[in-house]
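First the structure, in the form of structure tokens, and then the observations on it.
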Amino acid sequence: MTAGEVAAGGVAAARVEPPVRRRRRFALGDYLLPAFAALAFVYLFVPIAYTFVFSFNDSGKSNLVWQGFTLDNWANPCGAPGVCGAVVNSIQIGLIATVAATAMGTLIAVALVRYRFRFRSTMNLLIFLPMATPEVVLGASLLAQFLNFRVNPGFWTIVIAHTMFCISFVVVTVKARVASLDPRLEEAAADLYASPVQAFWRVTFPLLLPGIAAAAMLAFALSFDDFIITNFNSGNTDTFPKFVYVSATRGIPAQANVIGSAMFLLALGVVVLGRVLSRRRRAA
Amino acid sequence: MALAGALHTPGAGAEVSPQRPGRRVPYLLLLPGTLWLLVFFALPIVVLFSTSLMVPVPGGEIGEYAPGLRFANYTEALAQYWPQFLRSFGYGLTATVLALAIGYPLAYVIAVRARGRPLLQQVMLLMVIAPFFVSFILRTLAWRQILADESLVVTTLKAVSLLPDDARLTATPVAVIAGLTYNFLPFMTLPIYASLERLDLRLIEAGQDLYASAVGTFRRVTLPLSMPGVVAGTLLTFIPATGDYVNAALLGTSRTAMIGNVIDSRFFRVVDYPTAAALSFMLMGTIVVLVALYVRRAGTEDLV
């Protein structure tokens, strides 16, 4: 949004849109497509707006009908029994699973891009399959395994399950970043007598960091929002999505809407801030 | 460049680069993640398969099964639940087609029409992923309230006679499919955007210069070049939509139950593990076959 950005935008526009564009013929499409996109955005935003509006509902027990505006729910987000415990569980599970999946996934991504080894295509398949398997099957199979080995489902089985399905997404995200790195940088480090470990921590890792951060954010978001796999492997432990699903039969408390809306604003803030910072860094 | 090349010649590389002797390095890097996936993904699939062939223990408690090779579990499960099975694929396919019909134009507007305006593109992309920031279950429940019988939407539609007085929107296949389409629309839009974003606009202009119609240019130039995105988007929508049971549970009734609902209830309410496992396995098998056929047909095999 700085002058530099506007100028950069202008330059980009001038570069990709040569004068030939004048000759476009389908004038109707000029308006039809943007109008269609606007409608699609409305479709995407209706439930978000609903969730937000009903977080201010003076609802009492069940938050189904609009009964008047109040700030009470926002003032007291833990007011409904069990809701904050579930959120705390979700955050803890999300953090542990994110750290575990990001660490293991990053190592796999580095190995896949940088090294030649046998079983390479098998490895690619092992990464791809969990993403291509429906969540019910992942959840059911893992539960079958836990039952088979007489493991009681609970907090840690959720962590194990989340780590499992996050690894593949981390590998895919970090792999893209590794592939765009110049291998000669590591070779230069080696030439300067850095050990492989030093070369990794001093050269490769800092360059990979944006990709790793993106992967970690994705993993946390996936873990925090997961319901189906969690539902199979959670026993009596509640996560936030499970809490909402279970309370849906008797009407969810407005506090769930408050927490959903707050998460929305928080995530939006993080993403916008991240974009602004990276733009400023690029502009500098 | 020349220097880098020299490093890779066998003699020079061996003494200059200390990384090369570490032949075990890639395996060490792969070890933890691979073990995790083998123990908590691959092995469970094997366990699931053996569970699907188990036999009930004679005179045992409910939920007690012994290892066996009872293939009849599959035929019995299919005989009983084929409507839900077919319905899952029908709903999944319909939702995928609808998401493509909405997501492709949306991605096109962001990637092509808004090109050269980075800020607008960023904002629109953010709007596409924004639904992810509100919990999946909360969004689906929001749809349930919005489409409920006494809601503003339904009463308005009835007031202007767009909807017959006795009609309802929740508890219908329409609601379930609309929910599925909604929930997976970003998964469709983003990969198509990624493909179209790399599209060279001069190719479209070349098509027009050569007197191709707008439709002809789209069909011969734009669409083929965006196929990788379309394939990725349809898979990312079809697979989770077919296996989903949240939308059917929250927006539908037992008459709109999908195979996920059956697997869930067999597991938890009826403790009929073999049937649940057999159904899971058939679901996975069918999806794998369909995906393999589709990917081969669509001609993009470098998905992984």
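When you filter the trypsin sites (Lys or Arg not before Pro) in segment B:134-202 for DSSP loop state and at most 15 other Cβ atoms inside 10 Å of their Cβ, you are left with B:ARG168, B:ARG198.
Helix check for chain A. Which DSSP H runs span at least 30 Å along their own axis by Cα, with a mean Kyte-Doolittle hydropathy no less than 1.6?
Numbers: long enough: A:27-53 (38 Å, 1.72); A:83-114 (45 Å, 1.75); A:155-179 (36 Å, 1.66); A:254-283 (43 Å, 0.86).
The answer, listed by residue number, is A:27-53, A:83-114, A:155-179.
Taking K and R as +1 and D and E as -1, what net charge do the other residues with C-beta under 15 Å from the C-beta of A:LEU208 add up to? Net of charged neighbours comes to +2.
The GNM of chain A, with springs linking C-alpha atoms under 10 angstrom apart, assigns the highest mean-square fluctuation among A:ILE158, A:ILE167, A:ILE127 to A:ILE127. Considering only alpha-carbon pairs that sit under 8 angstrom and 6 or more positions apart, the relative contact order computed for chain A is 31 percent. Can you list the residues, at least 5 places off or on another chain, whose amide H is less than 5 Å from the amide H of B:VAL55, using H built in the peptide plane? Hits under the 5 Å cutoff: B:ALA66, B:GLY68. In terms of its alpha-carbon gyration tensor, segment A:100-239 comes out prolate; a/c meets the 1.5 threshold, and the first ratio a/b outweighs b/c. Across peptide A:144-150, the mean count of Cβ atoms from other chains lying within 10 Å of each residue's own Cβ comes to 6.
Loop by DSSP (not H, G, I, E, B), at most 15 other beta-carbon atoms within 10 Å: where is the longest site-free stretch of chain B for GluC sites (Glu not before Pro)? Please list the in-between numbers first.
Values: sites that count: B:GLU61, B:GLU64, B:GLU150, B:GLU301.
Excluding the exposed sites themselves, the longest stretch runs over B:151-300.
Pairs of Cα atoms nearer than 8 Å and 6+ residues apart set the relative contact order; for segment B:180-304 it is 25 percent.
Please state the charge dipole magnitude for chain B, taken about the Cα centre, from unit charges on C-beta atoms (+1 on K and R, -1 on D and E), reported in debye and rounded to the nearest 20.
Details: 21 positive and 17 negative charges, 118 e Å.
The dipole of chain B has a size of about 560 debye.
Quick one: compute the contact order of chain B, relative version, from alpha carbon pairs under 8 angstrom and 6+ residues apart, as a percent. Each step should come with its number before you reach the end.
Values: 319 pairs, mean separation 75.0, N = 304.
For chain B, the relative contact order is 25 percent.
Of the DSSP H helices in chain B, those that are both long (alpha-carbon extent of 18 Å or more along the helix axis) and hydrophobic (Kyte-Doolittle mean at least 0.0) are B:25-37, B:72-108, B:173-197, B:227-243, B:273-298. Largest mean-square fluctuation among B:LEU86, B:LEU199, B:LEU38, in a Gaussian network model of chain B whose springs join Cα atoms under 10 Å apart, belongs to B:LEU38. By the count of neighbouring beta-carbon atoms within 10 Å, fewest first, B:THR156, B:THR51 end up ordered B:THR156, B:THR51. Tell me, what is the FRET efficiency for B:ALA206 and A:LEU185 to the nearest 0.05, using R0 = 45 angstrom and their Cβ-Cβ distance as r? With R0 = 45 Å, the Cβ-Cβ based efficiency is 0.70. Charges were assigned to the Cβ only: +1 to each Lys and Arg, -1 to each Asp and Glu. The resulting dipole of the protein assembly as shown about its Cα centre is roughly 1580 debye. Counting Cβ atoms of other protein chains within 10 Å of each residue's Cβ and taking the mean over peptide A:187-195 gives 3.
Using Cβ contacts closer than 10 Å as the measure, can you line up B:MET258, A:MET131, B:MET284 from fewest to most?
Details: B:MET258 30, A:MET131 18, B:MET284 24.
Ranking B:MET258, A:MET131, B:MET284 by Cβ neighbours within 10 Å, fewest first, gives A:MET131, B:MET284, B:MET258.
The order of the peptides A:208-218, B:185-195 by mean Cβ neighbours within 10 Å, most packed first, is B:185-195, A:208-218.
Each of the peptides B:98-110, B:266-278 was scored by the mean count of other Cβ atoms within 10 Å over its residues; in descending order, highest first, they stand as B:98-110, B:266-278.
Read-outs: derived from the displayed coordinates by stated rules, not from any lab. Everything quoted here is computed from the prediction, not taken from an experiment. Methodologically, a virtual Cβ is constructed for each residue, glycine included, from the backbone with ideal geometry; neighbour enumeration extends over all protein chains shown.
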